[in-house]
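Everything below concerns the one structure shown next.
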Amino acid sequence: MVDLNLIKEFTWSRKHLLGLESLEKIEIEHVLELAKSLKEILNRPVKKVPALRGKTIALLFYEPSTRTRISFELAAKRLSADTVNFSVSSSSVVKGESLKDTGLNIEAMNVDIIVVRNSSAGTAHYLSKNVSAGIINAGDGMHEHPTQALLDLFTILEYKKKISNLTVAIVGDIAHSRVARSNIYGLKKMGARVILCGPPTMLLPEFKNLGIEISYDLNRVLECADVLNVLRIQKERINESLFPSMAEYREFFGVTRDRLLKYARPGLLILHPGPVNRGVELSPDVLDKGLIKKNIYSVVLNQVTNGLAVRMAILYLISGVGGKVEAVD
């Protein structure tokens with residue numbers, strides 16, 4: 001039995017999770033502590049508890065997704081909630097139905113929580129003002145992806161035992177990344193030093209207003225980083241040529257075994273939100289095996305496991321059920 005009442009005395013009062021920009025540090029800590037407690041469920045013979053029995057979660061995904069959608073669906077089922085999957089190609093959206101009307105119709109079927117992903121920034125905020133169900137942002141355009149940042153924080157905490165005073169470098173296509181924005185908000189609130197690294201064309205000057213550092217030299221960044229969060233080149237969001245070629249990008253910003261052995265600090269933790277462009281931002285040997293020398297670790301698949309625990313925590317909190325989580329007999 002996981003007694004959630006024993007977790008830090010703090011009352012979660014938010015009906016929605018729209019982004020990390022608006023969360024307080026204590027709220028982030030509460031999610032991470034709850035996720036740690038719920039993760040033990042995933043190692044039980046019966047990986048299911050009745051905490052959200054009777055609740056219904058709608059997965060409203062307008063964009064393709066593997067990890068996030070399946071993770072939310074599995075998280076809901078681990079908590080005994082019912083799930084409804086929304087497919088744009090087989091819905092009334094193709095007939096011109098608006099986002100608001102889609103949300104209202106789903107809510108009219110007595111859905112408790114809507115998990116939404118959309119290519120337009122502000123989608124989750126818009127839905128939260130037009131429906132009474134709880135809204136969870138699963139990624140809105142190039143704005144935020146809060147649950148990905150929370151699982152990244154959870155993974156860092158799991159391996160490093162702290163976040164405060166760590167140097168975390170985010171490397172890659174930052175200008176187009178909602179993951180980067182949510183990570184910046186979360187890391188800063190948790191007391192980390194944040195360095196953004198990538199081609200000048202993929203780094204926006206206004207990022208400096210968030211109290212972070214900017215570098216264009218990955219080798220120098222590796223010399224001081226405790227954590228490296230590598231982002232993919234988001235080809236689907238790029239209409240112009242931002243660098244000469246993939247080969248040149250890999251030459252200057254690709255995370256390879258040789259580069260890590262030469263420049264990285266011992267104990268470096270390597271994250272990636274996925275999907276990975278193999279051989280571009282991460283070389284296959286680093287992605288699949290990590291490094292034994294210098295105690296450098298690639299924990300990409302561990303992030304996926306932790307994402308399940310974090311999304312269980314978020315669904316639990318947004319549902320507002322409270323109380324204890326007991327195993328299913």
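The values are calculated or read from the model by the stated rules, or taken from the named source; none is laboratory data. Worth saying up front: this structure is predicted, and the values here are computed from it rather than measured. Neighbour counts run over all protein chains shown; Cβ positions are idealised from the backbone, glycine included.
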Legend entry - Residues of the stretch 179-203 that turn out to be over 17 Å from the mean Cα position of the chain (by Cα) and either of a type in the set (S, T, Y) or under 16 Å from H143 (Cα atoms) (or both), as a count: 3
Inset, instruction - Please name all residue pairs, on different chains or six or more residues apart, with Cβ atoms under 8 Å, provided the first residue is in the stretch 179-191 and is in the same structural domain as P275 (by TED's automatic domain parsing) and the second residue is in a helix (DSSP H, G or I) and basic (K, R). - result: K189/K25; M190/K25
Inset, instruction - Could you list, in sequence order, all residues of the stretch 99-157 that are part of a helix (DSSP H, G or I) and closer than 16 Å to R311 by Cβ? - result: A124, P146, T147, Q148, A149, L150, L151, D152, L153, F154, T155
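Does the stretch 102-140 hold any residues that are surrounded by fewer than 17 Cβ atoms within 10 Å (Cβ to Cβ) and at positive phi, and which are they?
N110, G122
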Legend entry - Output for the stretch 207-236, where each listed residue is surrounded by fewer than 21 Cβ atoms within 10 Å (Cβ to Cβ), closer than 19 Å to L20 by Cβ and of a type in the set (A, V, I, L, M): L210, I212
Inset, instruction - Would you point out the residue of the stretch 243-270, among those that are of a type in the set (F, W, Y) and either assigned to a helix (DSSP H, G or I) or touching a Cys at 6+ places or on another chain (Cβ under 6 Å) (or both), that is nearest to N229 (Cα to Cα)? - result: F253
Legend entry - Residue list for the stretch 11-39, filter: within 20 Å of Y159 (Cβ to Cβ) and out of contact with any helix residue (DSSP H, G or I) (no Cβ under 9 Å at 6 or more places or on another chain): E29
Legend entry - Subset of the stretch 193-219 [in contact with a strand residue (DSSP E or B) (Cβ under 9 Å, 6 or more places away or on another chain) and charged (D, E, K, R)]: R193, K208, E213, D217
